[in-house]
Structure formats: C-alpha cells, structure tokens
1. Working only within the stretch 394-426, note down all residues that are of a type in the set (A, V, I, L, M, F, W, C) and either surrounded by fewer than 20 Cβ atoms within 10 Å (Cβ to Cβ) or touching a His at 6+ places or on another chain (Cβ under 6 Å) (or both).
2. Within the stretch 188-204, how many residues are under 17 Å from Ile274 (Cα atoms) and either part of a strand (DSSP E or B) or among the charged types (D, E, K, R) (or both)?
3. For the stretch 456-470, what are the residues that are within 12 Å of Val373 (Cα to Cα), within 29 Å of the chain's Cα centre (by Cα) and assigned to a helix (DSSP H, G or I)?
4. Does Ile480 meet the test of being closer than 16 Å to Phe411 by Cβ and either at pLDDT 95 or above or touching a Lys or Arg at 6+ places or on another chain (Cβ under 7 Å) (or both)?
5. Mind checking which residues of the stretch 86-111 are out of contact with any Leu (no Cβ under 9 Å at 6 or more places or on another chain) and over 18 Å from Ile198 (Cβ atoms)?
6. Within the stretch 238-280, take every residue that is of a type in the set (A, V, I, L, M, F, W, C) and touching a Cys at 6+ places or on another chain (Cβ under 7 Å) and give me the one that is modelled with the lowest pLDDT.
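The values are calculated or read from the model by the stated rules, or taken from the named source; none is laboratory data. Not measured: the values here are computed from a predicted model. Positions of Cβ are backbone-derived with ideal geometry, glycine not excepted, and every protein chain shown enters the neighbour counts.
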Amino acid sequence: MTEDIYCHENGLKHINLVDDGGFSALFVVNTPIFDNSGVAHGVEHMVFRRSTAFPQPETLFQLTSLTDAKINASTFANKTYFHCQSQCYHTFMLAVNYLLNGLFDPIFDTEDLRCEIHDGNNKGVIYQELIGKEQANNEKNQSTHKSDANQFSYGGISTSIGKLSLNDLIAFHQHYYRASNIILVTANANVEQIAHLIDLLPKQTELLTQVKIEIETQKKQSLNREPNNAKNHTSRRIQESENNEPHQKKYSSAINKLIRVYYFWLENPYCKKIKHIKKQLTTNKESLLVNTQRDLIPALINLSTKLAKNIDTNTLYLKISTEPPSLPNLFTTLCQQAKASLTSNLSNSISHGYATDQRNALWLTNIKATDEVIANITSYIISASQYFLAPRCQGLCYAIQALTIEKSSYFVIYSAFNVDPNYQLKALPHCLLRLSQDDSFISMSLALAKIKYRQAYQVNNSHVMNITVSDISAYLQTLINKNLK
C-alpha cells in the first residue's frame, strides 16, 4: 500500500491510498460540540438531503438502491464522518461528487428543516431517530440499573431538537464545513478527477464576521450551562473517540482502513507530502445537470448510459465479493412474527405476513425459486421510487427499504421509527400500484438494477438482461395481489 498527500485548489487536504482493494472515500469534518442542541447532527442530515447540484431529497436513496454504492455518515462528539465505497469506479466518482456538493453547497430550506429534523409535532427524521434510540436506551438502563443522565448528547435530544433554526444550521455549516477544516482520505481514486469535481463547486467566500460572533457566543453560553461532570464526561469521550477509532464494527473493512490512515496521519505529521493540484479549465456539463422533477436523477441516467455501453460487468466492477443487504437487527423479532403469520395462514391461501410494534413495521412474502432474479431487481427499483420514499423524505420515518433476505427466500419491506407503522402497511399497496403504472421510472431505473444484480450475485446470463418493464410491472401487481393490508 502506498499513499500520497495532496492539497486541492480550495485548501482541502487529500490522502490517497493505492492498493489492490476497491474504491472508497472518507471525509472527516472537525465539528466540536459544546451543548446538547444536536446542531452537528442536524447539519449532517441536511448535507445528505439536498444540494444545488442534487436538489432531490430522494437522491441518496436512488444512488444506493440502483448501484452498489454505499454512502453514509456519522456524527461524533468532535468529528463528523461522511463516507462512500463502490467496486465500480464510475459509481464511486458519482458518490464522491454527491458528497462534495452536499458538503460545500448544501440547500438549507425551512421545509427541509421540518422534514429532516423536526416540525414541532411528529414529523422529522432526526426526531424519529432520537425517540427510537432514547426508548431503547431507557429500556437498557432500566435492565442494567445504569443512568446516562450526565452523558453528552452530541446527536441531540428529542425534546429539544426542534429548537434548531435555519440560522443555527447555516452558521454551524459556514464555520466548520470549510475546506481547510476537512480531510479527505480515499483509496484508489483519481486525484485529478476529484480536483476537477472540486473546481466545479461554488467558491467559498470569506467567513462572515457575524457568523464567527454567533459561534463564539454559542460556545460561551453552552459551556456556562454545562455542569462540571458533563464537561469532564465529554472531554473523556472525545479523547476515547480519537484514540480508539470509534465504532469500528459500524463500518466496513474498507472504511475502517481509511479511518486508521486518518488517525495515523494525525499522529505522524512528518509524512505530509503536500502536492498542489492545478486547476483544470474544462467543464463537465453532465455534472451540472439539474432535474426539478421528482424522478430518477440525471446523474444516474448518465451513469446508466455509460455502463450500458459495456454490459460485461466483469469489466465494470472489481472482482471483490460483496455481501447482499441484510435485515437490520431492529427487525429480527418482527421478521420472526411475520414468518409465523405467513406459515399459519398458508392454509388460507394468504401468502404474506406482517408485523408491527409501536415504532416499526415489516411485511414479507415467500419468493418462488423461479422469481428470485426479478424479485431482487424489483426490490432495487421499489427502494429508489419517489412514491416509496415519500414517508422518509417527508420525515414520517427514519428509514424505509425493500429487499430480499435469506438467499432470496423472502421479499421484505420494512419501515423503521415510523410515526404510524400500521398506516404505513395500509398505504403500501397504493404505493406499489402507482409504481407499477409508472413505466417511465421503471424503464429509467431497470438498466442500473440489472447491472447491480449481476454484479452482486456474479451472474452473466440472458435471463437477467431479457427482463422488461412489463415484467417488473407484473411482479409489482403480484405483490399487490398478495393482500398487502
């Protein structure tokens, strides 16, 4: 493994590794937290939600549903990680471009604030996430007789997260989300191509004096409010997170490798070999396309066209085995209940099962051996559909996805931390019906879904490529006819 360290035109330091692995990237933003407001967590979500170049809130989910790209972020007490990986270089560069635009040119909008953070009632992705986690923590503390009353809640608290304003988010972003305050670590990237993407970003202006004043005032006020034991606890947690590479189990081996390199770089400044990347003058018009319609984003349409020119996935993707998506542990019990329901109702010719609890909903059905391919491809398309994603984008749940599990034995649809899980199940047939009638969206997403399936399962046969829009529509109708209620 070799590495070089660069400095881009905008001041972003960039460490690039060269090895025999896949393509991955980690952006580390220094975001110190001084109170329990959750402002860093809020900015993280807004960065992911929309940017000028990618204005649709469905973008992230379309990228991860229709390609092999994995994109995510985590907020800690002193840093925020944004990361992505892919075995296909074209897909990887699209993911990097998505993150670059979100980091440096996000959209902060009142409606997005209400949907992504909290509207003061039940709507808000972060609000739903915090309620779910707080309930789980309370149950854990009751069983172990432990209390986290003095713990520093850098992700925010459900009862106060709604107090965040657009000004709070904008001020925090302008102060901390600057190229000089971010480190990029990549594996096997083309540094000059990333430099070109950076050149296309709007130039960051000098930090406004008023923003500096607001941030410094917030620091003083929050430090004065924090009790000494909370300060000490926070200091200890920050140090632990820096020394122990936080939450290693949460990340893939590829991202953990980048995290280790980042911390090694912090401890060994002598290895800094800064190479300035010269500004390129050409403009990539494809990256500037903006779609105001709630449909498949232009960047994915361009990617589909590019990849379709060579249908041999062996030349598009590195030959590295990838694990198919698995059901989150949160749904283990609900899945067992749904399977029991499915089994007990077979005599009544009902071929689906479902289960809900106070916060979550899950539906499943058996997959025939002859339908394994189309079931997987359909799950990708469902998870990218604006109809299906509407509850998540409107802040009515924390996560929603369609997928196949247990070697394609079951087709599963789940919704996590939902305002009304039972209503979500009732609305599902209408959602799938609308998608089954949307030949345009199915057509645009089908090529990418086929390529993703072939790469994920290492198959190369005509049956996959011969699946048509009508086939997907018909399979959706089959799911609807399985009495989704």
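1. Ala399, Ile405
2. 1
3. Correct list: Ala456, Tyr457, Val464, Met465.
4. no
5. Ile107, Glu111
6. Ile274
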